Amino acid sequence: MSAGPSGTPAIELRGLVKDFAVGLRGVKLRAVDHLSLRVEPGQVYGLLGPNGSGKSTTIKIILGLLEPTAGECAVFGVPGGRVEARLAVGYLPESPYFYRHLTGRELVQFYARICGLSGARVPARVAEVIGWVGLTEAADRRIGTYSKGMLQRIGLAQALVHDPRLVILDEPTAGVDPVGAAAISALILNLKAQGKTVLITSHLLAQIEDICDRVAILDRGQLILEGAVRELVGVADRQALVVEPLSPVQLGELRVWLAARGRTLEAVETPRARLDRIFLDHVGRTAPAKREGGP
Amino acid sequence: MTRVPFSFTRARLIGQNTLLEASRQKLFSFLLLLALSLVAGAQGFRDFNFGAPELKFLADLGYGAMAFFGAALTVAATAQLFFSEIENRTALTLLAKPVWRAEFILGKYLGIAAVAAVFCVLLTGLLAAVLWAREGSLLTEFPEAFPHGRTLHFADLVAAGYVQWLKLAVLAAFTLLVASFSQTQLYTVVTGFFVLVICHLQYLAQDASARGDSVFARAVAGAIGLLFPNFQLFNLAENVGAGVAVPWDRVAHVSVYALGYVVAAGALAVYSFRKREI
Ligand SMILES: Nc1ncnc2c1ncn2[C@@H]1O[C@H](COP(=O)(O)OP(=O)(O)OP(=O)(O)O)[C@@H](O)[C@H]1O
Ligand SMILES: [Mg+2]
């Protein structure tokens, strides 16, 4: 599925630098500082970092919305500034804002036509992606009336409508409820299963950990850590067992049993139900992406 | 590598969306309100029964209103429909698609020109109806003032309305050029009106460049005369009201003149927008 390091990477950044001139005297602010990255096709790649670390700026350079001060950027081998580089790319901007005068369906239709879809397949395809993001009920309402999370969802639909090979999502879960966030995770894993490449930024590290193959962490525009998630977070020589409560006597017996096998019991804790689990159980709506099968 | 050629289809889609935005933003109800007040205003002149010159007066009033409100509408619509894309970051999503920046500029321009066209068609139609009705009643009241029957020609009214639209189309191109590099909406609007005033007074600059005292003054006036179109050329109303047939060669000449300025301003707008950071 993922091409080896020898194939054309989905995204390749080499020595990328972006300076912004701020203030009247044009003081330079370095938003991206000699960033080099490779995202292989078929990967879900997480771009992490604190606020203002240059994640969105990097994405805008990849999409040709900003011009890099120095360095190179290529999407499937095509230089980033070219129109051709955007052919197979879907993009959800951070805190997106769409034409308020259109309904959700009209908006996705507009972008579908802009991306070259035409004829009778447009309405069907539009209805399909709107279903994936769980907006079918609100599809014929004006976007001006949408809530923040609904804007994110329609933005996601718009990013997927032309079946892109590379999907770039800038904080797709900001403002989305836990059910929606879980649905977006499922949607991303579905995209991955189809061999699509996904570049995602998010401050929900738990989500990133669940769905990403690799992550890069930026700070002040510099790459400070990069690697496979499994290698970065795995504590390979420990295991946790979750059981029904044991009495002190039983616990003592367990220690003896473990000692006989050369192990020690290091910690006994009462795990608490995670709030997101409780939320998901009680709200009880099935995640739309799961329900409708995804892309 | 697949090449993505410039696509008029994409430009048209962007233009249609722009026109739709204008209509849903109630820009057109503003137009309708204006048109209605014009009718009401024209009815107010019933008391001045002064025969044929009254028709000229009505035509002047109508085309004057079209020029004035049309210019205000064009500058405001250009600033709103183009600039808000950047301010609200909707351009971010659009330009991240395989869309040329030139397509974006052309699409926006087509949409704005269509808004101006709707305005001119509405007002020309209304003015024609008012003039025709007034002429009819004057004919019965003062038959001696109209020895040859009706003097107004519908084709002339349309030609004058078309030329008004040409002027707005040129103004829109200049305002779009300003918006392509401007950082604020207010700057776009103020500069747009400034351009409008210069274009109306451009003939003064032409005169000055011909008769200026110092070489410097002549050069400056000459440059202004060259850079900005002369909006006085776009006024055919005096012909229409007086029942004088519109000279078609002048309409053709003004069309070419306007197209030249639109293409030049549009090309500059594309150039300045090409590398703009969104
Ligand atoms: N158009 C701009 N002009 C000037 N400075 C900018 C501009 N855009 C971004 N910056 C600066 O560049 C830096 C990186 O911003 P960026 O938006 O890439 O951060 P981010 O990692 O996406 O942060 P967040 O997590 O808050 O979204 C910030 O210091 C920001 O102030
Ligand atoms: Mg960001």
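The values are calculated or read from the model by the stated rules, or taken from the named source; none is laboratory data. Since the structure is predicted, the reported quantities are computational estimates derived from the model, not experimental observations. Neighbour counts run over all protein chains shown; Cβ positions are idealised from the backbone, glycine included. Side chains included, ligands, DNA and RNA excluded: accessible areas come from the protein's heavy atoms. Shrake-Rupley method; radii C 1.70, N 1.55, O 1.52, S 1.80 Å.
Quick notes on this one:
- Of all residues in the stretch A:56-77 being surrounded by fewer than 19 Cβ atoms within 10 Å (Cβ to Cβ) and within 9 Å of chain B (Cβ to nearest Cβ), the one that is farthest from A:THR201 (Cα to Cα): A:GLY77
- Residues in the stretch A:27-55 that are small (Gly, Ala, Ser) and open to solvent by 30 Å² or more (accessible area, probe 1.4 Å) were compared, and the one that is farthest from ligand 2 (Cβ to nearest atom) is A:SER36.
- The set of residues from the stretch A:173-196 being over 12 Å from the mean Cα position of the chain (by Cα), of a type in the set (A, V, I, L, M, F, W, C) and in a loop (DSSP other than H, G, I, E, B) comprises just one member, A:VAL176.
- Among the residues of the stretch B:46-99, the ones that are at pLDDT 85 or above and either more than 24 Å from the chain's Cα centre (by Cα) or not in a helix (DSSP H, G or I) (or both) come to 13 in all.
- The stretch A:139-172 - residue that is within 16 Å of ligand 1 (Cβ to nearest atom) and assigned to a loop (DSSP other than H, G, I, E, B) and, of those, least open to solvent (accessible area, probe 1.4 Å): A:PRO172
- Within the stretch A:4-56, tally of residues that are within 15 Å of the chain's Cα centre (by Cα) and within 11 Å of ligand 1 (Cβ to nearest atom): 5
- Positions within the stretch A:173-206 being open to solvent by 10 Å² or more (accessible area, probe 1.4 Å), within 16 Å of ligand 1 (Cβ to nearest atom) and more than 21 Å from A:ILE130 (Cβ to Cβ), in sequence order: A:HIS203, A:LEU204, A:LEU205
- Qualifying residue in the stretch A:4-24 (condition: out of contact with any strand residue (DSSP E or B) (no Cβ under 7 Å at 6 or more places or on another chain) and charged (D, E, K, R)): no
- If you filter the stretch A:144-179 down to residues that are more than 13 Å from chain B (Cβ to nearest Cβ) and aliphatic (A, V, I, L, M), you find that the one that is farthest from ligand 2 (Cβ to nearest atom) is A:VAL179.
- Qualifying residue in the stretch A:72-88 (condition: in contact with a Cys (Cβ under 6 Å, 6 or more places away or on another chain) and away from ligand 2 (no atom under 16 Å from the Cβ)): yes
- Qualifying position, being of a type outside the set (Gly, Ala, Ser), surrounded by fewer than 18 Cβ atoms within 10 Å (Cβ to Cβ), out of contact with any helix residue (DSSP H, G or I) (no Cβ under 9 Å at 6 or more places or on another chain) and touching a residue at least 40 places away in the same chain (Cβ under 8 Å), among A:ASP237, A:ASP219: A:ASP219
- Any pair with Cβ under 6 angstrom, 6 or more apart, that starts in the stretch A:78-106 at a residue that is within 8 Å of another protein chain (Cβ to nearest Cβ) and ends at one that is acidic (Asp, Glu) and assigned to a strand (DSSP E or B): A:PRO93/A:ASP170
- For the stretch A:1-24, the criterion of a residue being more than 20 Å from A:HIS162 (Cα to Cα), part of a loop (DSSP other than H, G, I, E, B), touching a Lys or Arg at 6+ places or on another chain (Cβ under 9 Å) and of a type in the set (Gly, Ala, Ser) is satisfied by no position.
- Scanning the stretch A:112-124 for residues that are surrounded by fewer than 18 Cβ atoms within 10 Å (Cβ to Cβ) and either closer than 20 Å to A:GLU94 by Cα or touching a residue at least 24 places away in the same chain (Cβ under 8 Å) (or both) yields A:GLY116, A:LEU117.
- Matching residues in the stretch A:197-237 - criterion: being more than 16 Å from ligand 2 (Cβ to nearest atom) and either in a loop (DSSP other than H, G, I, E, B) or small (Gly, Ala, Ser) (or both): A:ALA206, A:CYS212, A:ASP213, A:GLY227, A:ALA228, A:GLY234, A:VAL235, A:ALA236, A:ASP237
- Looking only at the stretch B:75-102, residues that are within 11 Å of chain A (Cβ to nearest Cβ), touching a residue at least 24 places away in the same chain (Cβ under 8 Å) and among the polar types (S, T, N, Q) come to 1 in all.
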